[in-house]
Amino acid sequence: MSLGDRIQKVNERVEAACLRSGRARKEVNIIAVTKYVSGRAMSSVLDSGLLHVGENRWQQAEEKWKQLGDRGIWHFIGNLQTNKVKDIIGKFQYIHSLDRLSLAKELEKKAADMNLTVKTFLQINISGEESKHGLQPGQAAAFLKDISGLKHVQVVGLMTMAPHVDDPELTRPVFRGLRELRDELNGQALTPEPLKELSMGMSNDFEVAVEEGATWLRLGSILVGKEEDEVWA
Ligand SMILES: *Cc1c(COP(=O)(O)O)cnc(C)c1O
């Protein structure tokens with residue numbers, strides 16, 4: 001399937017999920033996760049009108065950034081080592097994986113140096129799987145208080161990853177849990193602006209995520225595919 005066809009298919013499914021759940025399509029943004037493909041393929045993704053691109057490792061993203069950094073809006077979606085902040089700051093407008101104070105402080109320092117504000121999502125481990133990164137839901141409120149003095153780090157919302165399961169319906173409690181946590185945190189008014197965004201939903205479970213309130217979908221294989229797929233042949 002061509003890239004255009006893939007985008008159209010995904011859009012139809014997002015629209016249907018919005019209809020089922022009474023949501024406006026424009027509330028749902030799509031990040032094309034390009035971590036599996038080269039700069040050449042990423043360039044086609046950007047040509048196709050997709051504006052938001054996601055990468056999870058600087059090592060893999062660096063070459064692509066050199067070619068295409070002036071195009072699109074870049075999202076860092078992977079686990080972020082503190083010593084890599086200096087490489088990605090100012091390049092990635094959104095960081096989806098803020099999960100510890102030391103990282104927040106380093107982001108603050110480097111963002112302040114560059115006189116910019118970095119938009120972040122708190123990564124929350126809703127599913128409780130040990131293999132997953134992220135704050136425990138019960139730690140989120142205290143964490144927001146701890147970082148409230150950091151003027152160059154803006155938290156726009158929450159991010160989570162659901163367990164990989166065959167039946168996407170089984171991910172629903174995870175996505176619902178993230179939405180409920182966001183609403184609960186907003187009830188405590190811990191941030192200057194209410195947290196609006198929910199980064200959740202990947203190729204195998206994005207429709208359920210939309211139904212549960214996702215505002216940012218992170219779509220790799222279903223949308224962009226892998227380098228060896230027919231779409232890039
Ligand atoms: C790779 C990745 C994705 C995209 O995964 P697909 O299943 O290919 O859509 C989304 N989020 C994160 C954090 C990832 O690492």
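Some observations on this one:
- Any hit, segment 196-207, residues being surrounded by fewer than 16 Cβ atoms within 10 Å (Cβ to Cβ), more than 12 Å from the ligand (Cβ to nearest atom) and closer than 30 Å to residue 38 by Cβ: no
- Looking only at residues of segment 27-51 that are within 12 Å of the ligand (Cβ to nearest atom) and under 12 Å from the mean Cα position of the chain (by Cα), we find that the one that is most open to solvent (accessible area, probe 1.4 Å) is 30.
- Condition met for residue 155 (touching a Ser or Thr at 6+ places or on another chain (Cβ under 8 Å), closer than 21 Å to residue 53 by Cα and away from the ligand (no atom under 16 Å from the Cβ)): yes
- Annotation note: Cβ proximity below 9 Å between a residue of segment 99-124 that is in contact (Cβ under 8 Å) with a residue 12 or more places away in the chain and a residue that is of a type in the set (A, V, I, L, M, F, W, C) and open to solvent by 30 Å² or more (accessible area, probe 1.4 Å) (sequence gap 6+ or interchain) occurs for 104/150; 105/150; 107/150; 108/150; 111/150; 112/150; 123/161.
- Residue list for segment 132-184, restricted to those being in a helix (DSSP H, G or I) and either in contact with a Phe, Trp or Tyr (Cβ under 9 Å, 6 or more places away or on another chain) or more than 24 Å from residue 80 (Cα to Cα) (or both): 168, 169, 170, 171, 172, 173, 176, 180, 183, 184
- Whichever residue in segment 208-233 is more than 13 Å from the ligand (Cβ to nearest atom) and among the aliphatic types (A, V, I, L, M) and, among such residues, is surrounded by the fewest Cβ atoms within 10 Å (Cβ to Cβ): 233
- Consider segment 69-80 and keep the residues that are more than 10 Å from the ligand (Cβ to nearest atom) and open to solvent by 10 Å² or more (accessible area, probe 1.4 Å). The one that is farthest from residue 220 (Cα to Cα) is 70.
The values are calculated or read from the model by the stated rules, or taken from the named source; none is laboratory data. Since the structure is predicted, the reported quantities are computational estimates derived from the model, not experimental observations. So basically every Cβ, Gly included, is an ideal-geometry build from the backbone, and we count neighbours across all protein chains shown. Each accessible area value is taken on the protein alone, full model and side chains, heavy atoms only, with ligands, DNA and RNA left out. Shrake-Rupley method; radii C 1.70, N 1.55, O 1.52, S 1.80 Å.
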